[in-house]
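Structure first, commentary second.
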Amino acid sequence: MASDDLSKIKENIPYSSPVQPVELSLDDEIQFHCHKDIACFNACCKNIDIHITPYDILRLKRRLDLSSSEFVARYTTPFPMDFHNMPGLKMNTKPGTSECVFLTEEGCSVYEDRPAACRYYALGSMGVRKKDSDKVEDIFFIVKEDHCLGHNEPRTLTVREYKREQGCEDYDKHNNEWREVILKKRSSGPTVGAPSERSLQLFDMCSYDMDSFREFIQTDGFDEVFELDAHSKKVLLDDEDELLQFALRFLKQVLYGEVSVPIKDGAKEKRIARREAAKTGLTSDSSSSTRN
């Protein structure tokens, strides 16, 4: 195919990305205002594809007085975040539609606890780890969809001001650790290899099920290995936000060896010895059964 023919084909493709390819900093200004009197109000909620984050779940489950597992089962749909089937969750839609399950005629029924993706709209955010750097940097960009009239409203403010207005800061604080877990896996590529089934289960629990993680840190197995004083544990048991931060630190420690939870002296050796003893006992029982 000639290059000029290819150019003509590209020009006629009926698609343009809603993402504006201009990288923004916190102090750059944007023009945007969404409010209940605008003609397109709630239009964005009628065609959603919302990736749920760990802190989204905490806020919404508390609002609805549900356990983590109940909220996930009732209001989310699982999907693989990568080719290793790293578990992700998306917000459910109403049956047979693409409308958010929480959308009502009056608007969002969980507005005060809406997910991070809803708070950021129509601002996009992405965490980037540059080559040879351990630091994750935030970059921002504008998302302009045909239905959205908020970009025509005569109001300007900085990205920083918009984030503060929309209450994004608490969400960023709690979700950034989780983002780093995902970015670290992606940046490592095939050198890390496929995670074990146990690793995927641990990721799922530490990300989406604080009720199960709370039970986990109270088990004898946890106490046998990790050094966590009584006061620190009580704080975690009483405060889910703190528990989530601890869960994500714990996840980074188990998956990537970034130690932030002290390990008891000799804990590893004791576990190995117990496993070997269990194997020996199983072998002896098998041998005995064979002789009989």
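Some notes on this structure:
- Output for segment 254-264, where each listed residue is farther than 11 Å from Val225 by Cβ and either β-branched (Val, Ile, Thr) or free of Cβ contacts under 8 Å to residues at least 60 places away in the same chain (or both): Gly257, Glu258, Val259, Ser260
- Counted residues, segment 206-249 - those being surrounded by 15 or more Cβ atoms within 10 Å (Cβ to Cβ), free of Cβ contacts under 8 Å to residues at least 40 places away in the same chain and part of a helix (DSSP H, G or I): 8
- Selected residue (only one of Arg160, Arg179, Arg186 is over 23 Å from Val72 (Cα atoms), part of a helix (DSSP H, G or I), basic (Lys, Arg) and within 20 Å of the chain's Cα centre (by Cα)): Arg186
- Residue list for segment 180-214, restricted to those being over 26 Å from Asp238 (Cβ atoms), among the basic types (Lys, Arg) and modelled with pLDDT of 90 or more: Arg198
- Single unsatisfied condition, Leu202 versus (1) hydrophobic (A, V, I, L, M, F, W, C); (2) assigned to a loop (DSSP other than H, G, I, E, B); (3) outside the structural domain of Lys36 (by TED's automatic domain parsing): (2)
- Qualifying residue in segment 119-134 (condition: surrounded by 13 or more Cβ atoms within 10 Å (Cβ to Cβ), out of contact with any helix residue (DSSP H, G or I) (no Cβ under 8 Å at 6 or more places or on another chain) and in a loop (DSSP other than H, G, I, E, B)): no
- Residue check: Cys148 meets all listed conditions (1) touching a helix residue (DSSP H, G or I) at 6+ places or on another chain (Cβ under 7 Å); (2) within 30 Å of Asp238 (Cα to Cα) but one, namely (2).
- Residues that are charged (D, E, K, R) and either under 16 Å from Asn175 (Cβ atoms) or loosely packed, with under 13 Cβ neighbours inside 10 Å (or both) within segment 63-78 comprise Asp65, Arg74, listed in sequence order.
- Considering the conditions (1) more than 30 Å from Asp82 (Cα to Cα); (2) assigned to a helix (DSSP H, G or I), Lys252 is excluded by exactly one of them, (1).
- Test: residue in segment 177-188 that is touching a Ser or Thr at 6+ places or on another chain (Cβ under 9 Å) and basic (Lys, Arg): yes
- Which listed residue, of Leu248, Leu243, Leu228, Leu200, is more than 17 Å from Ile57 (Cα to Cα) and within 16 Å of the chain's Cα centre (by Cα): Leu200
- Segment 57-76, residues that are of a type in the set (Ser, Thr, Tyr), assigned to a helix (DSSP H, G or I) and either farther than 19 Å from Cys108 by Cα or at pLDDT below 95 (or both): Ser68, Ser69
- Cβ separations smaller than 7 Å between residues 6+ apart or across chains give the following pairs from segment 113-129 residues that are on the phi < 0 side of the Ramachandran plot to residues that are of a type in the set (Lys, Arg) and assigned to a helix (DSSP H, G or I): Asp113/Arg59; Asp113/Arg63; Gly127/Arg179.
- Scope segment 83-110; condition loosely packed, with under 12 Cβ neighbours inside 10 Å and either outside any strand (DSSP E or B) or in contact (Cβ under 8 Å) with a residue 40 or more places away in the chain (or both); matching residues: Phe83, Pro95, Gly96, Ser98, Glu105, Glu106
- Checklist (1) in a helix (DSSP H, G or I); (2) closer than 22 Å to Ala267 by Cα applied to His174, failing item: (2)
- Being surrounded by fewer than 11 Cβ atoms within 10 Å (Cβ to Cβ) and at pLDDT 80 or above is a property that does not hold for Ser287.
The values are calculated or read from the model by the stated rules, or taken from the named source; none is laboratory data. Only a predicted model underlies this, so the values are computations on that prediction, with no experimental measurement involved. So basically every Cβ, Gly included, is an ideal-geometry build from the backbone, and we count neighbours across all protein chains shown.
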